[in-house]
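Reviewing the structure listed below.
Please treat every number below as a calculation from the coordinates, not as lab data. Here the structure is a predicted model, which is why all the values come from computation and not from measurement. Heads up, the Cβs are rebuilt from the backbone with ideal geometry, glycines too, and the neighbour counts pull from every protein chain shown.
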Amino acid sequence: MPPVTYTHGHHSSVVAAHAARTVENSAAYLAPLVEPGMRILDVGSGPGSITIDLARRVGPTGRVVGVDASAEVVAHARAAALAAGVDNVVFEVGDAYDPLPGERFDVVHAHQVLQHLGDPVAALGAWRDRAGLVAARDIIYSATVVHPLTPELQRWRELVVALQARNGGDGDAGAKLKSWARAAGFASVETDVETWCFESPRGRAFWGDQWAERAVHSAFADGTERHGLADAAERARIADAWRAWTADEDGWMAVLHGWILARG
Ligand SMILES: C[S@@+](CC[C@H](N)C(=O)[O-])C[C@H]1O[C@@H](n2cnc3c(N)ncnc32)[C@H](O)[C@@H]1O
């Protein structure tokens with residue numbers, strides 16, 4: 001598969017942001033289909049908060065397996081499951097293109113993973129062989145709406161998409177899930193959008209403070225430097241712009257995601 005650099009890395013600011021995700025805020029489209037006793041594979045499970053939430057929903061007779069390429073984040077997810085007292089979930093280091101070969105599941109789920117893969121169609125094809133239902137949701141960064149949209153925050157949006165492309169992924173993956181699933185051979189693809197909206201003081205702090213930190217300290221900083229997309233001074237201006245947005249009571253943003261439920 002084409003080599004891909006994981007754009008966000010696993011800096012503490014990134015892992016903390018991902019760990020705030022739940023089925024309700026990141027996989028609501030799938031929630032009505034999750035039943036007690038199901039076996040679910042969560043590919044690219046990251047810190048595992050959605051995975052653990054799925055495990056609660058399938059109950060003691062069900063089983064959920066999270067697979068991620070990063071041993072560091074798998075260790076984090078195992079500790080989170082232990083702390084939550086959820087014991088019908090396991091986390092393994094593995095590859096999205098060939099997760100748990102030979103095992104079958106009721107559902108393969110992936111949240112914000114296909115945007116990072118150089119060959120998303122091949123990954124979807126592998127998941128199709130593992131389950132009757134593949135559920136995937138991904139972001140469309142170019143469609144992120146920020147108010148007030150300063151030149152620095154507009155530049156942030158451009159940089160995220162540009163860096164993702166340089167790293168071999170696709171920052172607008174959410175808009176392409178349907179076409180990728182069709183190319184992977186699924187007989188039926190249901191699709192729609194879901195959003196995150198950050199506007200309350202808590203919501204603005206969550207997104208704005210996180211990105212103020214990520215702009216200067218995470219793999220976003222390293223990647224934009226390495227690819228010559230932005231220098232330290234520009235990243236510092238972007239971090240300042242996110243802090244100002246967090247403090248602005250008029251601050252509002254919508255993050256658009258596309259999702260698919262693919263069968264057959
Ligand atoms: C944006 S995070 C999403 C984590 C989690 N699904 C969530 O939404 O909280 C993407 C995850 O995919 C993992 N990943 C990227 N490429 C992968 C690959 N080829 N195989 C397995 N995991 C991969 C990364 O390590 C990262 O933890």
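Work out, step by step, the length gained on full extension between Ala83 and Leu100: first 0.36 nm times the residue separation, then minus their alpha carbon distance; give nm to one decimal. If you can, show how the numbers build up before the last one.
Details: separation 17, 0.36 × 17 = 6.12 nm, distance 2.50 nm.
Full extension from Ala83 to Leu100 adds 3.6 nm.
Multiply the residue separation of Ala254 and Leu149 by 0.36 nm, subtract the distance between their alpha-carbon atoms, and state the gained length in nm to one decimal.
Value of the extension gain: 36.6 nm.
What does the charge dipole of the stretch 92-205 about its Cα centre add up to, to the nearest 20 debye, if the Cβ of each Lys and Arg holds +1 and the Cβ of each Asp and Glu holds -1? Please report the intermediate quantities before stating the final value.
Values: 12 positive and 16 negative charges, 57 e Å.
Value, rounded to 20: 280 debye.
Which of the listed residues, Leu229, His257, Val134, is farthest toward the dipole's positive end in the stretch 114-264, when Lys, Arg count +1 and Asp, Glu count -1 at the beta-carbon?
Result: Val134, furthest along the dipole toward the positive end.
Would you mind getting me the FRET efficiency between Ser142 and Leu33? Use the beta-carbon distance for r and R0 = 30 Å, nearest 0.05. Intermediate results must be reported in sequence, preceding the final value.
Numbers: r = 29 Å, r/R0 = 0.97.
So the FRET efficiency works out to roughly 0.55.
Between Ser70, Ser200, Ser218, find the one with the highest GNM mean-square fluctuation for the chain; connect C-alpha pairs within less than 10 Å.
Its mean-square fluctuation being the largest, the pick is Ser200.
Counting only helical runs of four or more DSSP H residues, what would the 222 nm mean residue ellipticity of the chain come to if each run contributes -39,500 (n - 2.57) and the total is spread over all its residues?
Numbers: 11 runs with 103 residues, N = 264.
For the chain, the value works out to -11000 deg cm²/dmol.
I want to check the label-to-label distance for Arg182 and Cys197. Put each point 7 Å from Cα in the C-beta direction and report it in nm to one decimal.
3.1
Nearest 20 debye, what's the magnitude of the dipole of the chain about its Cα centre given +1 on Lys and Arg Cβ and -1 on Asp and Glu Cβ?
420
Gain in length, Thr22 to Ala71, computed as 0.36 nm per residue apart minus the alpha-carbon separation, to one decimal in nm?
Working: separation 49, 0.36 × 49 = 17.64 nm, distance 2.15 nm.
Additional length available on full extension: 15.5 nm.
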